[in-house]
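The values are calculated or read from the model by the stated rules, or taken from the named source; none is laboratory data. These figures come from a predicted structure and were not determined experimentally. Virtual Cβ from ideal backbone geometry, glycine too; neighbours counted across all protein chains shown. Keep in mind that these areas ignore ligands, DNA and RNA; they rest on the heavy atoms of the full protein, side chains included. Shrake-Rupley method; radii C 1.70, N 1.55, O 1.52, S 1.80 Å.
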Amino acid sequence: MKTQLLVVAAVAATANAFSMSNEQTGRRNFLQTATAITASTVLPTAALAEITVPEQSKEYTFPSDWGLTYNYEADAAKVRNHMVIATGLAKGSDRMEDFGKNLKKEMIDFVSYYRRFPNVAGKPSFSTLYTSINVLAGHYTSYGYKYPLPEKRRKRLYQEYAEIDKSLKRNR
């Protein structure tokens, strides 16, 4: 439906652009119409992707299932869940440093193992998870394990976690 609307509007804009006697005005009209159509079809999609970032919390259950099972889907879901917990931790959370160290080791093991397999490394869930791992590992390297992530970085990570979850549900 959006594609048909886009084609019809582009044809109308093109016809309108070439029917004008002034070539500059025609180009301007065409560009304005094309920009408006593009904005109307792309922006609603971006608005749907808006993620609410939960407040940071000091309360969480310390996981006992660290490490890989060497089953990609299970490992990716587990690493993602641990990363979601880490992203939501507030400053002064109980055992935050232990959590960060365990998570960083798990993330490194995950990437080191699964990037060797082309059938896994090509999946959208892996590439998005790899990006998220780089962001979180970079934060730990730069700021240590005791400091929570800034709001802007948390928002980006929660968006990536949602994409990873969708991709894993689709087995991609």
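Summarising the label geometry, the points placed 7 Å from Cα in the beta-carbon direction at ARG153 and ARG116 lie 3.0 nm from one another. Accessible surface comparison of PHE110, PHE117, PHE62, probe 1.4 Å, protein chains only, largest first: the order is PHE117, PHE62, PHE110. Of the solvent-accessible surface of segment 122-172, computed with a 1.4 Å probe and all protein chains present, 47% belongs to carbon and sulfur.
For segment 115-163, the alpha carbon positions stretch 36, 21, 10 Å along the principal axes, listed from largest to smallest.
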